[in-house]
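Each remark here refers to the structure printed beneath this line.
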Amino acid sequence: AVLSVDFRSSWGYGSDFATGYYRSLGQVDADEAVAAANWLKSQSYIDSNRIGLWGWSYGGFLTEMVMTTRPGIFAAGVAVAPVTDWKHYNDWYTRHRLNVPKEDAEAFRKSSPVNFAAGLTGKMLMIHGMQDDNVLFQDTVQMVQKLIEAGKQADVAFYPKDDHSISRDDSRPNVYLRIMKYLYQWLGD
């Protein structure tokens, strides 16, 4: 079974649906991911021990937040091109959602998965294009280091010639196959 969730701020749902993120990226939507998993677990045809999630860009960030701050809910996750520390991201974007680090260090701390690496449970694959100029490759490298320091294991895949979209003709099929194989390995029969 595949469930596609329209998380808060998804397009087309109006301003009321877009609230709840200010100064807490990855909090409300992580709770929504848990609610979706709990709904799945209530279905008779779902094996509650084999639920996973994956996402790209903000979805990759959210995958890491859920896997590190909501332990035991998901057995596996795949994070593609994830922001791991909002201090390194686009100032215009973060200023409108988290303020600025000097004025609101706590908002940045609680919204960045690198600060929760020790909480990782389950299997996690991180994928990043090394030429990414949107979410810099250093974000995934920093997360890998924090996981090492916490004694945690995660899998990584890098695409040396790709940017944020990992869209080269040879890379795009490879990345989707890698995601599918990883989730099937840890969630399949």
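Strictly greater than 14 Å: what percent of every Cα pair in region 138-189 meets that? Show your work: numbers first, answer last.
On the way: 839 of 1326 pairs.
So the pairs more than 14 Å apart make up 63 percent of the total in region 138-189.
Taking θ = phi - 60°, what integer Hz values does the Karplus form 6.51 cos²θ - 1.76 cosθ + 1.60 yield along region 161-168, in sequence order, with x for Gly and Pro?
Ordered by residue, 3J(HN,Hα) equals 9, 10, 9, 4, 8, 6, 10, 4 Hz.
Which whole-number value in Å³ per residue fits the convex hull of the alpha carbons of region 49-98?
Hull volume over Cα atoms, normalised by residue count, gives 68 Å³.
So which GluC sites (Glu not before Pro) in region 95-162 end up in coil per DSSP with only 10 or fewer other C-beta atoms within 10 Å? Could the numbers behind the result be given before it?
Numbers: sites: GLU103, GLU106, GLU149; in loops: GLU103.
Filter output for region 95-162: GLU103.
Would you calculate the separation in nanometres between label points at VAL156 and ILE46, each defined as 7 Å from the Cα along the Cα-to-beta-carbon direction?
3.2 nm
For region 145-189, run through the trypsin sites (Lys or Arg not before Pro) and keep only the ones in DSSP coil with at most 11 other Cβ atoms within 10 Å of their Cβ.
Numbers: sites: LYS146, LYS152, LYS161, ARG168, ARG178, LYS181; in loops: LYS152, LYS161, ARG168.
Counting only loop positions with at most 11 other Cβ atoms within 10 Å, the trypsin sites (Lys or Arg not before Pro) in region 145-189 are LYS161.
Could you please put PHE7, PHE108 in sequence from largest to smallest accessible area, using a 1.4 Å probe?
PHE7, PHE108
Once you put a point 7 Å from the Cα of ASN38 and another 7 Å from the Cα of TYR176, both along the Cβ direction, what distance in nm separates them?
Result: 3.4 nm between the two label points.
Going through the cross-link list LYS161/LYS181; LYS87/LYS161; LYS87/LYS152; LYS110/LYS161; LYS41/LYS161; LYS102/LYS181, which pairs have a Cα-Cα distance over 30 Å in this structure?
Checking Cα-Cα distances, LYS110/LYS161; LYS41/LYS161; LYS102/LYS181 exceed 30 Å.
If you take the beta carbon distance between LEU187 and VAL100 as r and set R0 to 41 Å, what does 1/(1 + (r/R0)^6) give as a FRET efficiency, to the nearest 0.05?
The value I calculate is 0.55.
Collect residues whose amide H, placed 1.01 Å from N in the peptide plane, falls under 5 Å from the amide H of ASP155; neighbours closer than 5 in sequence don't count.
Close amide H contacts, sequence-distant or interchain: MET124, LEU125, MET126.
Report the equivalent ellipsoid semi-axes for region 23-124 in whole Å, largest first, defined as the square roots of five times the eigenvalues of the gyration tensor built from alpha carbon atoms.
27, 12, 11
Sorted by accessible area (1.4 Å probe), largest first, how do HIS128, HIS96, HIS164, HIS88 line up?
On the way: HIS128 0, HIS96 95, HIS164 35, HIS88 75 Å².
Descending accessible area places them as HIS96, HIS88, HIS164, HIS128.
Tell me, what ³J(HN,Hα) does each residue in region 75-81 have, in order and in whole Hz, if you take phi through Karplus 6.51 cos²θ - 1.76 cosθ + 1.60 with θ = phi - 60° and put x for Gly and Pro?
Rounded to whole hertz, the list is 6, 8, x, 10, 10, 9, 6.
Accessible area per residue of the chain at 1.4 Å probe, in Å²?
I get 53 Å² per residue for the chain.
Using a 1.4 Å probe on the protein heavy atoms, what percent of the accessible area of the chain belongs to carbon and sulfur?
Values: 5210 of 10060 Å².
The computed percentage sits at 52.
Please list, or write none, the aspartates and glutamates whose alpha carbon is within less than 20 Å of the alpha carbon of LYS146, excluding same-chain residues fewer than 8 places away.
Those aspartates and glutamates meeting the cut-off are GLU64, ASP85, GLU106, ASP155.
Could you report the accessible area of THR63 in Å², rounded to 10, computed with a 1.4 Å probe on the protein chains as they sit in the structure?
We get 0 Å² for THR63.
The values are calculated or read from the model by the stated rules, or taken from the named source; none is laboratory data. Owing to the predicted nature of the structure, the values given are computational and were not obtained by experimental measurement. Counting neighbours? That spans all protein chains shown, and the Cβs are built from the backbone with ideal geometry, glycine included. Calculation scope for accessible area: heavy atoms of the full protein, side chains included, ligands and nucleic acids excluded. Shrake-Rupley method; radii C 1.70, N 1.55, O 1.52, S 1.80 Å.
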